[in-house]
Amino acid sequence: MLENINEKCAVVGIFGHKEASKLAYFSLHSLQHRGQEAAGISSSDGTKLHTIKDRGLVMRVFDEEKLATLSGNSAIGHTRYSTAGDDSILDAQPVFARYDLGEMSIVHNGNLTNAEEVRNKLIEKGAIFQTFMDTENLIHLIAKSSKDKLLDRIIDAVQRIEGAFSLVFLSRTKMFAMRDRHGFRPLSLGRLPNGGYIVASETCAFDLVGAEFIRDVEPGELLIFEEDKAPQSIKVYEPTPKHCIFEYVYFARPDSQVFGQSVYQTRKEMGKELARIAPVEADVVIPVPDGGVPSAIGYAQESGIPYEMGIMRNHYIGRTFIEPTQEMRDLKVKMKLSPMIDIIKGKRVVVIDDSIVRGTTSRRIIRMLKDAGATEVHMRVSSPPTTDPCFYGVDTPDKDKLIAANMTTDEICEYIEADSLAYLDEESLLRSVNSDMQEEKYCTACFTGKYIV
Ligand code: SF4
């Protein structure tokens, strides 16, 4: 699956390390897949916060000279994906503000479901907003809170918001990390090799900076980082976990541990389940790179059909910043993927992808494989049909653009010109994700339409 569903952001926080901004920079590098439109870091030297943010990839936004200005032992960072027409630098994070208690920066992954209501109330009371970001609501709620201490103001503010949020706050002397009561988006805690702590959206950031994974920040938990102290934990909400199951399907990097388990192993298990529920006679199993790779390996292992890299992906085309029109999307598929004719010609091919969103990409891929000489192309999808949009921090097309919301599986098969099509069903997905089938632990709304908030 390419270019159709996008995670909106990644967050990172470093506390108690003399190279905090450099570690935040490297961590953001490994989280680049969660947002490529803008990046930013705020650091604190104990007396003042310093912030740099801009549009573009992490590598483009920062260089040695800029990082040197982000001094201090603590830093928070963000990478951002932006929807079309909404790519102003004003909407890049961290969001920085001066207020009566001092200075503060915030980074946020997620989507607040009552953002408009909260914003309207604040505007009625005279607040002036500079951006369209949900995150700015928090700055106002904290600044206007009647509590005396920042910690109490943060608790006061997060109790007024609803929806999905993994947040990291930085003040001049402290850092705070918080997950919403459902834990929609991931956030993990680690220990840095030479002292200090890291929190990040995914554990692949820990591996790059040599940090040791301690545990996930719990749903509804607020962690407080203070000099010379272990992180303190406050339970702001009773946890009612509803982790985003799509993190396993597509968003998270395969080398991350998300919600307590390996993304790679989970994806491979999805491929095995798919082979069990939707077998087909074929000569070769190939993935749509990169998302379909672990599931295709699982499908091949379970079915006994050889696995091959039948499609090569060009990683070097970069991003264009051109409005993503339908025409542009089609061209992007051609630029990104090319068939390995030696592998495909004269073969019955099973092609594995992680999801089908609009169907146009799948159709192009299948045509490409048939043009390369495949005698049959059987599409297998390692998630259930995507029928509903997400309101919890993931950018999905509207329901009328989601092919599975508007066509049956047979109709989609015909549309994408496959010889057969099968999806993983909800039960099999849950079985792959956790053997004890705890449906209530996961959000599956984009497959089921069952929204929790
Ligand atoms: S609706 Fe889908 S993408 Fe959004 S949080 Fe739920 S499972 Fe994840």
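Would you please name the residue that is nearest to ARG363 (Cα to Cα), looking only at residues in region 375-417 that are of a type in the set (Lys, Arg) and in contact with a helix residue (DSSP H, G or I) (Cβ under 7 Å, 6 or more places away or on another chain)? Lay out the reasoning, then the answer.
Step one: filter region 375-417 for residues of a type in the set (Lys, Arg), giving 380, 399, 401.
With in contact with a helix residue (DSSP H, G or I) (Cβ under 7 Å, 6 or more places away or on another chain) added as a condition, the list becomes 380, 399.
Details: ARG380: 13, LYS399: 19 Å.
Selected residue: ARG380.
For a quick check of your reading: which strands (runs of 3 or more DSSP E) sit entirely within region 129-247 and have at least 3 residues that are modelled with pLDDT under 95 and open to solvent by 50 Å² or more (accessible area, probe 1.4 Å)?
Numbers: elements: 163-170, 175-179, 188-191, 197-200, 212-216, 221-225, 232-235.
Those strands (runs of 3 or more DSSP E) do not exist here; none qualify.
Count, please, the residues in region 364-402 that happen to be within 16 Å of the ligand (Cβ to nearest atom) and either outside any loop (DSSP other than H, G, I, E, B) or surrounded by fewer than 16 Cβ atoms within 10 Å (Cβ to Cβ) (or both). Step through it out loud before you land on a result.
Taking region 364-402 and keeping what is within 16 Å of the ligand (Cβ to nearest atom), we get 381-399, 401-402.
Imposing the further condition that a residue be either outside any loop (DSSP other than H, G, I, E, B) or surrounded by fewer than 16 Cβ atoms within 10 Å (Cβ to Cβ) (or both) reduces the set to 381, 394-395, 397-399, 401.
So the answer is 7.
When region 401-423 is examined, which residues are found to be under 27 Å from the mean Cα position of the chain (by Cα) and aromatic (Phe, Trp, Tyr)?
TYR423
Any chance region 255-271 includes a residue that's among the aliphatic types (A, V, I, L, M), open to solvent by less than 50 Å² (accessible area, probe 1.4 Å) and not in a helix (DSSP H, G or I)? Quick ask: steps written out before the conclusion?
Step one: filter region 255-271 for residues among the aliphatic types (A, V, I, L, M), giving 258, 263, 270.
Narrowing the set further to residues that are open to solvent by less than 50 Å² (accessible area, probe 1.4 Å) leaves 258, 263, 270.
If we keep only those that are not in a helix (DSSP H, G or I) as well, we get 258.
Scanning region 255-271 turns up at least one residue that is among the aliphatic types (A, V, I, L, M), open to solvent by less than 50 Å² (accessible area, probe 1.4 Å) and not in a helix (DSSP H, G or I).
Failed condition for MET368, given (1) more than 25 Å from the chain's Cα centre (by Cα); (2) among the aliphatic types (A, V, I, L, M); (3) under 23 Å from ARG431 (Cβ atoms), with all others met?
Among (1) more than 25 Å from the chain's Cα centre (by Cα); (2) among the aliphatic types (A, V, I, L, M); (3) under 23 Å from ARG431 (Cβ atoms), the lone unmet condition for MET368 is (3).
For region 223-275, enumerate the residues that are hydrophobic (A, V, I, L, M, F, W, C) and on the phi > 0 side of the Ramachandran plot. Please lay out each step first, then the result.
Just the residues of region 223-275 that are hydrophobic (A, V, I, L, M, F, W, C), to begin with: 223-225, 230, 234, 236, 244-246, 249, 251-252, 258-259, 263, 270, 274-275.
Result: PHE259, single match.
Yes or no: LYS229 away from the ligand (no atom under 16 Å from the Cβ), of a type in the set (Lys, Arg) and touching a residue at least 12 places away in the same chain (Cβ under 8 Å)? It would help to see each step written out before you state the result.
On the way: away from the ligand (no atom under 16 Å from the Cβ): yes; of a type in the set (Lys, Arg): yes; touching a residue at least 12 places away in the same chain (Cβ under 8 Å): no.
It is false that LYS229 is away from the ligand (no atom under 16 Å from the Cβ), of a type in the set (Lys, Arg) and touching a residue at least 12 places away in the same chain (Cβ under 8 Å).
Which one of the conditions (1) closer than 29 Å to THR240 by Cα; (2) over 22 Å from the mean Cα position of the chain (by Cα) does PHE447 fail to meet, given that it meets all the rest?
Just one mismatch for PHE447, condition (2).
Show me the strands (runs of 3 or more DSSP E) entirely contained within region 1-74 in which 1 or more residues are within 30 Å of PRO385 (Cβ to Cβ) and open to solvent by less than 40 Å² (accessible area, probe 1.4 Å). Working first, answer last.
Numbers: elements: 9-15, 38-44, 49-55.
Result: 9-15.
Tell me which residues, restricted to region 418-450, are surrounded by 15 or more Cβ atoms within 10 Å (Cβ to Cβ) and not in a helix (DSSP H, G or I).
Those that are surrounded by 15 or more Cβ atoms within 10 Å (Cβ to Cβ) and not in a helix (DSSP H, G or I): ALA418, ASP419, SER420, LEU421, ALA422, TYR423, LEU424, ASP425, ASN434, TYR442, CYS443, THR444.
The values are calculated or read from the model by the stated rules, or taken from the named source; none is laboratory data. What you see is a predicted model, and the numbers here were worked out from it, not measured in a lab. As a convention, Cβ positions derive from the backbone with ideal geometry for all residues, glycine included, and neighbour counts pool all protein chains shown. Accessible surface areas use protein heavy atoms only, side chains included; no ligands, DNA or RNA. Shrake-Rupley method; radii C 1.70, N 1.55, O 1.52, S 1.80 Å.
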